[in-house]
Amino acid sequence: MSVGLQRLRDEPDMLRRATADKGEDAGVVDRALDLDARRRDLLATGDALKAERNDASRKIGEAVRSGADPNGIQVAELKVASTRVAALVTGIDAELATVQAALDDAMLRIPNPADPDVPVGGEEANVIVRTWGDPLPRDQRRPHWELAEELGMIDNVRGAKITGSGWPVYLGAGSNLQRALIGWFLDVHTRESGMTEVWPPVLVNADSARGTGQIPDKEDQMYVATRDDLYLIPTAEVPVTNLHRDEILEAGALPIRYAAYSASFRREAGAAGRDTRGILRVHQFDKVEMVSFVRPGESEAELEWLTERAEALLQRLGLAYRVLLMATREMGFVQARKYDLEVWAPGVERWLEVSSVSNFRDYQARRMAIRHRADAAGKPQLVHTLNGSALALPRTVAAIIETYQQPDGSIVIPDVLRPYFGDRERIGPA
């Protein structure tokens, strides 16, 4: 369950409204309420029948031990009655299992309500929170795919031959740029921000995908290894958040902050025919992810802190960007609040999303039973989970190529990445 049964019972109107605000079917709230009511009826009926069965068994035992027939009731009649009640209990238990499974599924389909101040609507309702840097004019700048192909950095044609459209191959300086960004991101997060580095699996089981909200909401967007019932991850958030599934974190353990690199996989990339040139929408991409586990009262401040960590990378790369507070239908099924960071790419004259930073509050923790103790003797409470990309590579790479390209066709390497290039200053023709 994600929102919790008590909240379903206490705040159904709010949940209907919040579900509709996210563009989901609000009828799922009523289905869950009906199933919850039926479940409680079955539990009450089952308890009454079990009490009747236990009473009959007690009377049979007493009659057998005494060698008499108490209250004028024959032992055989008591056994018949006990058998009848036992059959009714079996039927009740079977229906209860079916109703419970349906209720669990319905609860998983109720999205996390957005924070009260999140704007309601779609893309048009997103709010620009702040900007940094001056977006460069296009002038004579070329789109990243032209320059990357010319410099032998990215080969989409051979990638399509090997796998299919949307599976680029990085070569030479393009591969070096990927490795440099990943290494630098992880170095900053671990050495400067104190995060613990994680190198997670790229395949997860269904429980892990369900825990973070990928299923049942996004299963059509994930690649599935059907023989083993495993899913290729769309982000390192999935395995890293599941590190503490079914755990009680002891007092003093929080906050826990991780930084993880992983390859990420998404089936829907480019499916609508948009952004199929270059590397703006691809099926496999690299990303460094931040994941935090915090006390409930600290998640709002943690969201701002994580966002600042992602912004600092863009600032040190010298890339103009903006921060958007995402509206309800743009923020996703499981987020309570989400910021998107969009970087300016002058070669295509567009803002490109390179990071999403989200607060899930206790929604994921409830699914995964991740709890903590406020003190050594305290009762376990749900933690709050957060995550953020810092950063996703394809569009960051595109923005670097388009921002730092020179009239002679070379690309200036940002200062912070030069140590990863042997102190080279430029990427030029091979």
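Read the figures in this text as sums done on the coordinates, not as results from a lab. Because the structure is predicted, anything quoted here is derived from the model rather than measured. All Cβ positions, glycine included, derive from the backbone under ideal geometry; neighbour counts span all protein chains shown.
Highest mobility in the GNM of the chain, judged by mean-square fluctuation with C-alpha springs under 10 Å and restricted to Ile162, Ile413, Ile279, is found for Ile162. With the highest mean first, a sort of the peptides 254-264, 360-370, 120-130 on other beta-carbon atoms found within 10 angstrom per residue produces 360-370, 254-264, 120-130.
With a Förster radius of 45 Å applied to the beta-carbon distance between Met14 and Glu192, the computed FRET efficiency rounds to 0.65.
The simple spin-label model puts a point 7 Å past each Cα toward its Cβ; for Gln100 and Ser57 those points are separated by 1.8 nm.
What you get for the range 123-427, charging only the Cβ of Lys and Arg (+1) and of Asp and Glu (-1), is a dipole of about 340 debye around the Cα centre. With both labels modelled 7 Å from their Cα along Cα-to-Cβ, the Ala86 to Asp423 distance reads 8.6 nm. Close amide H pairs (under 5 Å, H built 1.01 Å from N) link Ser355 with Leu341, residues at least 5 positions away or on another chain.
Residues in the range 358-389 near a label at Asp207, defined as backbone nitrogen under 13 Å from the 7 Å Cα→Cβ point? Within reach of a label on Asp207, which here means backbone N under 13 Å from a point 7 Å along Cα→Cβ, the range 358-389 contributes 368-370. Which one of Ile92, Pro380, Ala365 has its Cα pushed farthest toward the positive end of the charge dipole of the chain, where Lys and Arg give +1 and Asp and Glu give -1 at the Cβ? Checking the options against the dipole of the chain, the answer is Ile92.
Structure remark: mean-square fluctuation, Gaussian network model of the chain, C-alpha springs under 10 Å; the largest value among Ala377, Ala399, Ala251 belongs to Ala377. When the chain is described by a simple charge dipole with +1 on each Lys and Arg Cβ and -1 on each Asp and Glu Cβ, the residue from Pro239, Leu352, Ser299 located farthest towards its positive end is Pro239. Protection proxy ranking for 328-334, 32-38, using the average of other Cβ atoms within 10 Å per residue and placing the highest first: 328-334, 32-38.
Mind checking the log10 I(q)/I(0) for the range 104-247 at q = 0.21 Å⁻¹? Debye, one equal scatterer per Cα, no solvent, two decimals. For the range 104-247 at q = 0.21 Å⁻¹, log10 I(q)/I(0) is -1.23. Extension gain, Arg227-Glu353: 0.36 nm per intervening residue step, less the Cα-Cα distance, totals 41.9 nm. Modelled label positions at Glu304 and Trp199, each set 7 Å beyond Cα in the direction of Cβ, lie 3.7 nm from each other.
Shape descriptor for the range 316-430: Rg over Rh equals 1.18 (Cα atoms; Rh from the Kirkwood inverse mean 1/r). Based on the Stokes-Einstein relation at 25 °C and a viscosity of 0.890 mPa s, and on the Kirkwood radius from alpha carbon pairs, the range 196-257 is assigned a translational diffusion coefficient of 195 µm²/s. Among 91-98, 152-159, the peptide with the highest mean count of other Cβ atoms within 10 Å heads the list, and the full ranking is 152-159, 91-98. Convex hull volume of the Cα atoms of the chain, normalised per residue: 180 Å³.
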